[in-house]
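The values are calculated or read from the model by the stated rules, or taken from the named source; none is laboratory data. Just so you know, these numbers come straight off a predicted model, no measurement behind them. Here the Cβ is made from the backbone with ideal geometry for all residues, glycine too, and neighbour counts use every protein chain on show. These accessible areas exclude ligands, DNA and RNA; they are computed on the full protein's heavy atoms, side chains included. Shrake-Rupley method; radii C 1.70, N 1.55, O 1.52, S 1.80 Å.
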Amino acid sequence: MTAQPTHEQLVTDRSLLSTKAYGTGQHLAARQSLYRWQTPSYDLPRIVIDELADVRGVVADVGCGNGKFVARVRDDRPDLSVLPMDVSHGIIDAIPGAVVADVQQLPIADGVLGAVLALHMLYHVEDQARAIRELRRVLAPGGIAIVSTNSRTDKRELEHLWRQAAGDGLGIAEGPARVQLSARFTLEDAPAILGAVFGEIRTIPLPGVIEVTDAEPVVAHLASYEAWADRMGVPFQETIECARERVTETIRTEGSFRVTCLGGMLVCR
Ligand SMILES: C[S@@+](CC[C@H](N)C(=O)[O-])C[C@H]1O[C@@H](n2cnc3c(N)ncnc32)[C@H](O)[C@@H]1O
């Protein structure tokens, strides 16, 4: 019997990242779309654009994913040159000017960028200390790095729902925990990790509550973890169906299904 991979191995597995997880933008879009039901609602690209107010020259978006931030920065700041980068070739296919690159070894000269973005991506990186040194190395004097991630308490209700639904499928009280992506780089730990390299770190907390009256956005969010979930000894489709039933039942009896969120951005100098 082969040993199950650890959460750490799954979250940083390069072949999973560039194929099942982020081979296309489909799963990422499902996760992003759940925030449509969040109160208050945050315009994350707007927050980034505001932080870039004094920045000139070139901005790299490392781990740019489906290019949500790239497109908005290009629209709002046509004076900036935006360089999209990601380890997954598939997800950047349609983004003009995007290149395949690893944050642990950026193909960028020292001290040339006005800013670098590393949004919801450092938790996927094996050697975070090296990646953060790279973010610092490529910045020009006065340049900024904008990093984002989630709290260790983020979307707890979905962790609970997953364990219950997996348990339903397996015929036990609670199944195994799902992979929590941000656990390797939480909002709580990020200032100390980034502080090893950057002198000043300002955290912008983004708390909110998602409330849905239809199970599908929650089910789509859970399903977007397929790349990791089906490596963990849980019958994936069955778990998703059990989760759908549980969310539908909560909506029927309580009127809605609520998920508490805590994400945040860290502006580093
Ligand atoms: C959760 S998505 C975030 C996408 C985008 N930054 C956003 O916030 O919408 C994480 C992205 O980081 C990429 N990624 C993972 N490890 C990476 C690495 N070592 N270097 C560059 N990109 C990486 C993944 O392929 C994926 O597209």
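Just a few scattered comments:
- Residues that are open to solvent by 70 Å² or more (accessible area, probe 1.4 Å) and either touching a residue at least 60 places away in the same chain (Cβ under 8 Å) or touching a Gly at 6+ places or on another chain (Cβ under 8 Å) (or both), drawn from the stretch 65-100: 89, 94
- Residues of the stretch 207-250 that turn out to be touching a Cys at 6+ places or on another chain (Cβ under 8 Å) and either over 16 Å from residue 161 (Cβ atoms) or surrounded by fewer than 18 Cβ atoms within 10 Å (Cβ to Cβ) (or both), as a count: 3
- Residue match in the stretch 30-45 (condition: under 24 Å from residue 128 (Cβ atoms) and over 15 Å from the mean Cα position of the chain (by Cα)): no
- Within the stretch 101-126, restricting attention to residues that are surrounded by fewer than 14 Cβ atoms within 10 Å (Cβ to Cβ) and not polar (S, T, N, Q), the residue that is farthest from the ligand (Cβ to nearest atom) is 111.
- The helices (runs of 4 or more DSSP H) located wholly in the stretch 25-88 that include 3 or more residues which are of a type in the set (Gly, Ala, Ser) and within 15 Å of the ligand (Cβ to nearest atom) occupy 26-33.
- Checked against (1) closer than 24 Å to residue 52 by Cα; (2) within 20 Å of the chain's Cα centre (by Cα); (3) among the acidic types (Asp, Glu), residue 159 meets all criteria but (1).
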